[in-house]
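Here is the structure we will look at, set down as structure tokens.
Only the coordinates and a few stated rules stand behind these numbers; no lab work does. Keep in mind that what you see is a predicted model, and the values were worked out from it rather than measured. Glycine gets a Cβ as well: all are built from the backbone with ideal geometry, and neighbour counts include every protein chain shown.
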Amino acid sequence: MTDRAHVRALLAGRREGYSLAREFYTAPEMHELDIEAVFSNEWIFACNVAEIPHEGDYITLSIGETSVVVVRGKSGAVGAFFNTCRHRGSLICTQAAGHAKRLVCPYHQWVYELDGTLKSARQMPADFDRSAHGLRPVHVETICGMVYICIADTPPDIARFKAAVTPYIAPHHPERSKVAFSMTIVEDANWKLVIENNRECYHCIGSHPELLATLIEFALPDDPRANRDFQLLMQEKTALWDSLDLPHLPADGGTEFRCIRLPFHRGAVSFTADGRPACNKLLGDFTERDLGSVRMFRVPNNWNHFLSDHIIHFRVLPISATQTALKTTWLVHEDAVEGVDYDIDTLIEVWRATNAQDATLVEHNQRGVNSKAYTPGPYAPSEFMLTNFTNWYAQKLDDYLKPAPGREKTIRLAVAQG
């Protein structure tokens, strides 16, 4: 069990602009707290609707020990439910993805419709109320085909995020895409180290030659480190994007999210080894290839790239204090044909290499943080997104650890009467 007073003391001693104290990255108790305070109390990116294109298609994901099934229902509706049978609690869907006309518990064959209602519970008495034993629903929000879920009783507001990012990603029509390739790797590091690694490109020049063949490492259009060539490139591209009515300036996401359109290196139009298109059929209604990349991130578990020719989703889920699952999904236009419009190896080459490199980096980071010699270190100015992330994380824990209104008074009264 987490010692709340100890966590509060760690938060109180935290220095803004520095990495977190060792225990936040290493302690099993902190992992349990993260599951409860963050992942069970926040909107989590689950999938793109393209991953469940047909009625009865589903995916499952685990938030700590809690399994959730996201399913495509009738008339295209997307629903989510706790993947726990209302009989004796067995998992219902035991695979990471699948298809079913109805959801059937493998233990005692209770049968649920795709909307979660209980259709059949064999051998139960005649007066058994099936309507009171449907699957427990999970909150769902679909944003331009991107499915977010929240298992909290009362989810936090997601309206500001939805309103802010929709103008950036809607032109790419994620909901009109299909999955070209997907892969999941387990990284031997705490989920926060995985996120922190993604939130900065300070390390890119020494680790990601494939990525930097096309990606410009500057995170802002007015980055003070930028040279004259980048400034001229930004002027050219922003004029183009403005003419196409494509937003590009940084969205005001505070510490919660980030959304911005930035160019590739001059002459490059996609994440490929040579910068040439990864898919000949462009997304949505695009006719212009050189649209750069919309970089979108939302705490706690998702970052994305939206290009003219493909989309990449990255989904992070903690496994333990020192292990994290990273799922990467590449999507192309729903009508694109493999072998004609795109080649899988060309499409995934850059980010498959980058993911492998990052997995090594964060494993080394974790092993170093495990050492008794580790103390929080200062972020570089270019790592401002790490400051945003750790500030958000610290606030999330602080809010969770605050006593509920009236709770301290009730406890004190009970002690006095006792």
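May I ask for the distance between the Cα centers of segment 302-353 and segment 23-62, given as a whole number of Å?
Value for the Cα centre distance between the two parts: 18 Å.
Of LEU232, LEU331, LEU193, which is the most mobile in a GNM of the chain whose springs link Cα atoms less than 10 angstrom apart?
Greatest mean-square fluctuation among the candidates belongs to LEU232.
In segment 1-82, which GluC sites (Glu not before Pro) are in a loop and have at most 12 other Cβ atoms within 10 Å, using DSSP for the loop call? Display every interim value, and only then the final one.
Values: sites: GLU16, GLU23, GLU29, GLU32, GLU36, GLU42, GLU51, GLU55, GLU65; in loops: GLU16, GLU42, GLU55, GLU65.
Counting only loop positions with at most 12 other Cβ atoms within 10 Å, the GluC sites (Glu not before Pro) in segment 1-82 are GLU16, GLU65.
Points 7 angstrom from Cα along the Cβ direction at TYR18 and MET124: gap in nanometres?
5.6
When the helices in the chain are scored as -39500 (n - 2.57) per DSSP H run of 4 or longer and the sum is shared across all residues, what 222 nm value do you end up with, to the nearest 500 deg cm²/dmol? Before the final figure, lay out the partial values.
Values: 11 runs with 120 residues, N = 418.
Here the helix-only value at 222 nm equals -8500 deg cm²/dmol.
Rounded to the nearest 20 debye, what is the charge dipole size of segment 44-150 about its Cα centre when +1 sits on each Lys and Arg Cβ and -1 on each Asp and Glu Cβ?
On the way: 10 positive and 9 negative charges, 66 e Å.
For this selection, approximately 320 debye.
Scan around ASP57 for amide H atoms under 5 Å from its own, H built in the peptide plane at 1.01 Å from N, and keep only partners 5 or more places away or cross-chain.
For ASP57, whose amide H was placed from the backbone, the distant partners under 5 Å are ARG72, ALA100.
On a 30 Å Cα-Cα criterion, which of the cross-link pairs LYS162/LYS402; LYS74/LYS192; LYS327/LYS396; LYS162/LYS237; LYS101/LYS327 come out too long?
Working: LYS162/LYS402 28 Å; LYS74/LYS192 37 Å; LYS327/LYS396 24 Å; LYS162/LYS237 25 Å; LYS101/LYS327 26 Å.
From the list (LYS162/LYS402; LYS74/LYS192; LYS327/LYS396; LYS162/LYS237; LYS101/LYS327), the Cα-Cα distance tops 30 Å for LYS74/LYS192.
Under 5 Å between amide hydrogens, which residues at least 5 positions from ILE63 or on another chain qualify, with H placed 1.01 Å from N in the peptide plane?
Residues meeting the criterion, in which the H sits 1.01 Å from N, are VAL68.
Please list, in chain and number order, the residues 5+ apart from PHE181 or on another chain whose amide H is under 5 Å from its amide H, with Hs placed from the backbone.
Close amide H contacts, sequence-distant or interchain: TRP330.
Using θ = phi - 60° and the Karplus form 6.51 cos²θ - 1.76 cosθ + 1.60, what ³J(HN,Hα) does each residue of segment 345-356 get, whole Hz, x for Gly and Pro?
4, 5, 4, 9, 3, 5, 7, 5, 5, 5, 4, 5
With an 8 Å Cα cut-off and a minimum separation of 6 or more residues, compute the relative contact order for segment 159-370 in percent. Let's see the in-between values first.
On the way: 377 pairs, mean separation 66.0, N = 212.
That works out to 31 percent.
Relative to the Cα centre, what is the charge dipole magnitude of the chain, using +1 at the beta carbon of each Lys and Arg, -1 at the beta carbon of each Asp and Glu, and rounding to the nearest 20 debye?
On the way: 42 positive and 52 negative charges, 260 e Å.
Value, rounded to 20: 1240 debye.
Going through segment 161-222, which chymotrypsin sites (Phe, Trp or Tyr not before Pro) have at most 16 other Cβ atoms within 10 Å and a DSSP loop state?
Details: sites: PHE161, TYR168, PHE181, TRP191, TYR202, PHE218; in loops: TYR202, PHE218.
When the chymotrypsin sites (Phe, Trp or Tyr not before Pro) of segment 161-222 are filtered for loop state and at most 16 Cβ neighbours within 10 Å, TYR202 remain.
Which Cys residues of the chain have no other Cys Cβ less than 4.7 Å away and so no disulfide-compatible partner by this rule?
By the Cβ distance rule, which asks for a partner under 4.7 Å, the isolated cysteines are CYS47, CYS93, CYS144, CYS150, CYS259, CYS279.
Summing +1 for each Lys or Arg and -1 for each Asp or Glu, what net charge is found among the other residues whose Cβ lies under 13 Å from the Cβ of ASP358? Let's see the in-between values first.
Numbers: positive: ARG199, ARG352; negative: GLU187, ASP188, GLU196, GLU200, GLU210, GLU363.
Neighbourhood net charge equals -4.
Under 8 Å for C-alpha pairs, at least 6 residues apart: give me the relative contact order for the chain, rounded to a whole percent. Show your work: numbers first, answer last.
Numbers: 758 pairs, mean separation 81.5, N = 418.
19 percent.
Per the Kirkwood definition applied to all pairs of different Cα atoms, how many angstroms is the hydrodynamic radius of the chain?
Details: mean 1/r = 0.0432 Å⁻¹.
23.1 Å is the Kirkwood radius here.
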